[in-house]
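Some notes on the structure that comes next.
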Amino acid sequence: MLSRRSCLHNREVAPGWRIGRFISVFLASVLVCAANLALLPSPTAAGILSKLLREAGEAGGKAGKHGIGSLDNAASALRKLPDGDAKTALAVHATPEGHWVLVNKKGEQFTAGTPDELNRAPKTLLGTAADGKPLALYLTEDTVFEQAARLKDLPANAKLNIVSRKKAYRLVPSPDQATGFTVQVRPNLNVALTQKAMLHEALFRLQRSLNSANIRILALEPGGPKRLSSVPGRDPKTKRRLTESVDPADLKSALGKLKGQTVVVTGEVKGSRLHFEPSAAPAGQVELKDLAEAARGADVNLVVLQSSSPTQPGAKTWLWQTVEIDGLETTLKRPTFADFLQSVTANSGDLLIEANQGVRGRLVFTATPTGSLPGEVTGQIRSWIDVVSEQVTGTVATNGIIAYTRNRDQENEHTLRLVPGIPSTLQILYAMGLFAGLMGLGVAREWWRKLWPQEKRQEYAGNFGYQAARVARGIAFVLLFLPLVGTPAVIWTYLRPLIFIILAPFRFIGRLLGLTRS
């Protein structure tokens, strides 16, 4: 019969036992991570939580210097103005009770309850600088969205601005909008005033930086490739980005490898369908809602460039030129989504941008040219110009955009992720656990030695097996065990001396009693 020492020695020498121990630790870590994932809020719930926290912060800000959080934001934007511009500028808020609250750059406040008091306010706050000169009024969001009917009471020649999150934007008259204004982000980019939340989403999207390496240009080609690579291709000679063909019937699965990227497709939009004309196949069409669902399922941002021609990029014109998306090569070198819109719609005039809530937390952005020619004529001329441009110069001219994107909370969530595909909350918990484990390293190592005793050289036939076991043990300790036990380890590290001090009197009494009995 083998002794207990011999059995233990044989068990430790067996490679299968070592592997089994490593697998056990790994599975335990996976189970803990899965439990954390189950406790994490869904993306929708996370978005709601972020919104509630944000609104709570804004509500807390209402106890600021002027007693109104949004007015404090407007006053903050006012303080950033040069002294010359600030001489005729005021921050303005319309209260639900019917009063006007006006603030100058110095922070002096005037409350007007009647039209006469409102007319006297500029003179009182700005002195002689307000005589005969147009005022620049910086309105709070609440004033623009909730008290829009009262904007007509303001001086007729005043330049109106809206302050959103401490940044000011010019208000441009627009009879088509319910409020009578749109928000001017760029000289030719205006945002519709629909809802405050949608304005925030639109401004966030327009100012968000684009990673040109993550922009993919697709051509819808029935019978084409059913899969896409995770990185865009480039022409080996010119180094220019290649248009990638994909079978629209397999678009949903093809987008799976493009997680987190921006996909650009083009065609002629008629109603709810995108019509496309491949290079070597009959013309086809696809439902926009199917494209949007494919983008949502693959977690990509989808941009549909509307054109008067369904020709797909990458095709050949009758002059044997490669059909490209007009302005897209330029926009790939530019930093923001606003630059993207300006580049690909450079010949379409002013754009009106509107953000709307999509399905499952997604957003739908539309960019529509406002045009300067009357209705039907404008459409016919633009259509004719686009077709000629496509046939002669080899470009697909864009006259509108529909974008299906993640919302602001989802984008921020993805930005926080160091490892794609893993929720940022879990990554933060992991990093905090690892940091705590380093602080409680001594205790963690004591626990680890009991779970996985240190290897002994004599237990292995060769040095390779011994070193491989040490490496596996070290990796399991640092990457799996330490983040899991980090928090209790650091707590016990600092709690153990405290317990020792608390119990010291009892130990002393116990020793005295022992000496007395002896």
(request) Report yes if Val183 is of a type outside the set (Ser, Thr, Tyr), touching a helix residue (DSSP H, G or I) at 6+ places or on another chain (Cβ under 6 Å) and either surrounded by 16 or more Cβ atoms within 10 Å (Cβ to Cβ) or in a loop (DSSP other than H, G, I, E, B) (or both), otherwise no. (result) no
(request) Would you mind telling me which numbered condition in (1) more than 26 Å from Val419 (Cβ to Cβ); (2) under 42 Å from the mean Cα position of the chain (by Cα) Trp448 fails? (result) (1)
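Kindly indicate which of Thr368, Thr322, Thr393, Thr378 is at pLDDT 55 or above and either of a type in the set (Ser, Thr, Tyr) or not assigned by TED's automatic domain parsing to the domain that holds Ala283 (or both).
Numbers: Thr322 fails: at pLDDT 55 or above; Thr393 fails: at pLDDT 55 or above; Thr378 fails: at pLDDT 55 or above.
Testing whether each residue is at pLDDT 55 or above and either of a type in the set (Ser, Thr, Tyr) or not assigned by TED's automatic domain parsing to the domain that holds Ala283 (or both) leaves just Thr368.
Run down Ala129, Ala136, Ala156, Ala149 and say which single residue is among the hydrophobic types (A, V, I, L, M, F, W, C) and buried (at least 19 other Cβ atoms within 10 Å of the Cβ).
On the way: Ala129 fails: buried (at least 19 other Cβ atoms within 10 Å of the Cβ); Ala156 fails: buried (at least 19 other Cβ atoms within 10 Å of the Cβ); Ala149 fails: buried (at least 19 other Cβ atoms within 10 Å of the Cβ).
Just a single option satisfies the conditions, and that option is Ala136.
Kindly establish whether Ala197 is assigned to a helix (DSSP H, G or I) and surrounded by fewer than 16 Cβ atoms within 10 Å (Cβ to Cβ).
yes
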(request) Return yes when Val185 is in contact with a Ser or Thr (Cβ under 7 Å, 6 or more places away or on another chain) and either on the phi > 0 side of the Ramachandran plot or at pLDDT 90 or above (or both) and no when it is not. (result) no
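State whether one or more residues within segment 260-280 are in a loop (DSSP other than H, G, I, E, B), over 19 Å from Ser308 (Cβ atoms) and under 27 Å from the mean Cα position of the chain (by Cα).
Checked against the condition, which is being in a loop (DSSP other than H, G, I, E, B), over 19 Å from Ser308 (Cβ atoms) and under 27 Å from the mean Cα position of the chain (by Cα), segment 260-280 yields at least one hit.
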(message) Restricting to segment 123-147, count the residues that are closer than 9 Å to Lys87 by Cα and of a type in the set (S, T, N, Q).
(response) 0
(request) Would you mind finding the one in Val269, Val246, Val231 that is within 25 Å of Val419 (Cα to Cα) and surrounded by 12 or more Cβ atoms within 10 Å (Cβ to Cβ)? (result) Val231
(request) Assess whether Arg165 counts as being at pLDDT below 90 and more than 16 Å from Val101 (Cα to Cα). (result) yes
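Would you pick out the residues in segment 284-317 that are of a type in the set (S, T, N, Q) and not in a strand (DSSP E or B)?
Applying the first criterion (of a type in the set (S, T, N, Q)) to segment 284-317 yields 285, 301, 306-309, 311-312, 317.
Across segment 284-317, the qualifying residues are Ser307, Ser308, Ser309, Gln312, Thr317.
Looking only at segment 194-227, which residues are of a type in the set (Val, Ile, Thr) and more than 27 Å from His275 (Cα to Cα)? Walk me through how you get there before you give the answer.
Kept after step one, since they are of a type in the set (Val, Ile, Thr), are these residues of segment 194-227: 194, 215, 217.
Correct list: Thr194 only.
Which of the residues that make up segment 200-217 are among the hydrophobic types (A, V, I, L, M, F, W, C) and either at pLDDT 90 or above or part of a loop (DSSP other than H, G, I, E, B) (or both)?
Taking segment 200-217 as the starting set, the residues that turn out to be among the hydrophobic types (A, V, I, L, M, F, W, C) are 202-204, 206, 210, 213, 215, 217.
Passing the criteria: Ala202, Leu203, Phe204, Leu206, Leu210.
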(message) Can you find, within segment 137-169, the residue that is farthest from Asp72 (Cα to Cα) among those that are of a type in the set (Gly, Ala, Ser) and touching a helix residue (DSSP H, G or I) at 6+ places or on another chain (Cβ under 7 Å)?
(response) Ala168
(request) Run Ser174 past the list (1) more than 25 Å from Gln357 (Cβ to Cβ); (2) more than 22 Å from the chain's Cα centre (by Cα) and report the number of the one that doesn't hold. (result) (1)
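The values are calculated or read from the model by the stated rules, or taken from the named source; none is laboratory data. Since the model is a prediction, treat every value here as computed from it, not as a measurement. Glycine gets a Cβ as well: all are built from the backbone with ideal geometry, and neighbour counts include every protein chain shown.
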